[in-house]
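Report on the following structure.
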Amino acid sequence: MVQHGSTGLIFQAGDATSLCENLYNLLIDPAYRGMLGANAQEWALKHWDQKDAVQKVLDVYKEVLSHKSEM
């Protein structure tokens, strides 16, 4: 889903230096930010169906509620 430099940014968990570098690049380059956002939106519209996404969220809630008495 996330392709580094195309639809978002990926870096190793706990790597504060990479986090800072990526955030800095996003802050100073509005065109880069816009490109990542546009590419991510295009990918999402192509691969995700809104009805399916809503149903999956509802299914998670139903599953959690079905186990409520066990908590």
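Across the chain, the relative contact order, built from alpha-carbon pairs under 8 Å that are at least six residues apart, equals 29 percent. Taken over the chain, the ratio of Cα radius of gyration to 2.2 N^0.38 Å equals 1.58. Summed over the residues of the chain and divided among them, the accessible surface reaches 85 Å² per residue at a probe radius of 1.4 Å. Residues D15, D59, sorted by accessible area with the largest first, give D59, D15 [1.4 Å probe; ligands and nucleic acids excluded].
Which value, in debye to the nearest 20, gives the size of the charge dipole of the chain about its Cα centre, when Lys and Arg are +1 and Asp and Glu are -1 at the Cβ?
Values: 6 positive and 9 negative charges, 41 e Å.
Around 200 debye, computed over the chain.
Only protein atoms count toward the accessible area here, which uses a 1.4 Å probe; on the chain, the carbon and sulfur part of that area reaches 60 percent. In a DSSP loop and with at most 12 other Cβ atoms within 10 Å, there are no chymotrypsin sites (Phe, Trp or Tyr not before Pro) in the stretch 1-43.
Less than 5 angstrom separates the built amide H of G8 from those of Q3, all sequence-distant by 5 or more or on a different chain. Sequence-ordered 3J(HN,Hα) estimates for the stretch 32-40 from the Karplus curve with 6.51, -1.76 and 1.60 and θ = phi - 60° stand at 5, 4, x, 5, 4, x, 5, 5, 5 Hz, glycine and proline given as x. In the chain, a dipole from Cβ-located charges (positive for Lys and Arg, negative for Asp and Glu) runs towards its positive end, and of N22, Q55, F11 it is Q55 whose Cα lies farthest in that direction.
The values are calculated or read from the model by the stated rules, or taken from the named source; none is laboratory data. None of the values given here were measured: they were computed from a predicted structure. Backbone-built Cβ (ideal geometry, glycine too); neighbour counts: all protein chains shown. The protein model used for the area step is the full one, side chains on, heavy atoms only, and it has no ligands, DNA or RNA in it. Shrake-Rupley method; radii C 1.70, N 1.55, O 1.52, S 1.80 Å.
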